[in-house]
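Peer 1: What follows is a single structure, and I will ask about it in a moment.
Computed from the coordinates by the stated procedures, all read-outs in this text should not be read as laboratory data. These numbers come from a predicted model, not from an experiment. Every residue, glycine as well, gets a Cβ built from its backbone with ideal geometry; the counts of neighbours run over all protein chains shown.
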Amino acid sequence: EAGVAQSPRYKIIEKRQSVAFWCNPISGHATLYWYQQILGQGPKLLIQFQNNGVVDDSQLPKDRFSAERLKGVDSTLKIQPAKLEDSAVYLCASSFAGGGGYGYTFGSGTRLTVV
Amino acid sequence: AQSVTQLDSQVPVFEEAPVELRCNYSSSVSVYLFWYVQYPNQGLQLLLKYLSGSTLVESINGFEAEFNKSQTSFHLRKPSVHISDTAEYFCAVSDSGNTGKLIFGQGTTLQVKP
């Protein structure tokens, strides 16, 4: 089966600019996650969707980050305006259903550099 | 809330030597435990997981991990490593309910030397 697709792979922007990342999960996977991985740290959950509804966005900096999952399939994550500390790899993952037992499939990530 | 501590940030080891990557977790509820591997410039890949049953779980490439509830640990071991095992390894925990949210440790870099 096709994996989780993410684009772009790399992005360099100046601080205060905006940026958007795109994720296409595995077909049939109802649950979609966005994680932020800062260099030298483990991934941190930003937001979790179940179909097109938000399950958990408690760690999402809502003053600058937003995410949507229209029609319960593709998802976009946006940062506006970006700060230097947003430099990280943004990972998208999908799962057949909520619940850790189903396991996640991760995309290759988008590496964001804010200068 | 759950948390994960990986006790070593870097583990250098010679090829064909045994290795152990240590992971401790904290949780007030029943958990699932995972090890993920990340090769350079790639996404995270599931290495193995503990959901229930036998406390010793194995991967297809020779790694194993043992769930120890009393010590709240899930250490990863391999009796003989290869150069190709060089990567970042992440321990993760999720609650055994329906949220599926993974909490990751800080990662351990395994450096296998020839």
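Peer 1: Across the stretch B:37-114, how large is the tail of the calculated P(r) beyond 15 Å, expressed as a percent of all Cα pairs? Walk me through the intermediate numbers first.
Peer 2: Working: 1842 of 3003 pairs.
Result for the distance tail: 61 percent.
Peer 1: Would you list A:R69, B:R77 from fewest to most Cβ contacts within 10 Å? Could the numbers behind the result be given before it?
Peer 2: Working: A:R69 21, B:R77 15.
Lowest count first: B:R77, A:R69.
Peer 1: Shifting gears a bit: Could you line up B:H82, A:H29 from fewest to most neighbouring Cβ atoms inside 10 Å?
Peer 2: Working: B:H82 12, A:H29 19.
Exposure proxy ranking, most exposed first: B:H82, A:H29.
Peer 1: So if we plug the beta-carbon distance of B:S70 and B:Q42 into 1/(1 + (r/R0)^6) with R0 = 35 Å, what FRET efficiency do we get, rounded to 0.05?
Peer 2: Numbers: r = 35 Å, r/R0 = 1.01.
The pair B:S70/B:Q42 has a calculated efficiency of 0.50.
Peer 1: A further question follows. Using only the alpha carbon atoms of the protein assembly as shown, find the Kirkwood hydrodynamic radius as the inverse mean reciprocal pair distance, in angstroms to one decimal.
Peer 2: Numbers: mean 1/r = 0.0552 Å⁻¹.
By the Kirkwood definition, the hydrodynamic radius is 18.1 Å.
Peer 1: Applying the Karplus parametrisation 6.51 cos²θ - 1.76 cosθ + 1.60 with θ = phi - 60° to the phi angles of the stretch B:37-54, what ³J(HN,Hα) value in whole Hz is obtained for each residue in order, glycine and proline being reported as x?
Peer 2: So the J values, rounded to whole Hz, are 10, 10, 7, x, 6, 10, x, 7, 10, 5, 9, 6, 8, 10, 10, 5, x, 4.
Peer 1: Go through A:K11/B:K113; A:K11/B:K49; A:K71/B:K49; B:K69/B:K101; A:K15/B:K101 and tell me which ones have a Cα-Cα distance over 27 Å in this structure. Spell out each step's value before the answer.
Peer 2: Details: A:K11/B:K113 33 Å; A:K11/B:K49 33 Å; A:K71/B:K49 31 Å; B:K69/B:K101 20 Å; A:K15/B:K101 30 Å.
Listed pairs above 27 Å: A:K11/B:K113; A:K11/B:K49; A:K71/B:K49; A:K15/B:K101.
Peer 1: Relative contact order for chain A: what is it in percent, counting Cα pairs under 8 Å that are at least 6 residues apart? Show your work: numbers first, answer last.
Peer 2: Details: 289 pairs, mean separation 42.6, N = 115.
Relative contact order for chain A comes out at 37 percent.
Peer 1: Run the numbers on the stretch A:1-64 and let me know its relative contact order in percent, using alpha-carbon pairs under 8 Å that are six or more apart. List each step's numbers first, then the result.
Peer 2: On the way: 71 pairs, mean separation 13.8, N = 64.
Worked out over the stretch A:1-64, it gives 22 percent.
Peer 1: OK, next. If amide hydrogens are placed 1.01 Å from N in the peptide plane, which non-local residues have theirs closer than 5 Å to the one on A:L46?
Peer 2: Hits under the 5 Å cutoff: A:W34, A:Y35, A:Q36.
Peer 1: Ok, one more. So how compact is the stretch A:1-113: Cα radius of gyration and Dmax in angstrom?
Peer 2: For the stretch A:1-113, the Cα-based Rg and Dmax read 13.2, 40 Å.
Peer 1: From the gyration tensor of the Cα coordinates in the stretch A:53-99, what semi-axes in whole Å does the equivalent ellipsoid have, largest first, with each one equal to sqrt(5λ)?
Peer 2: Numbers: eigenvalues 93, 29, 24 Å².
The three semi-axes for the stretch A:53-99 are 22, 12, 11 Å.
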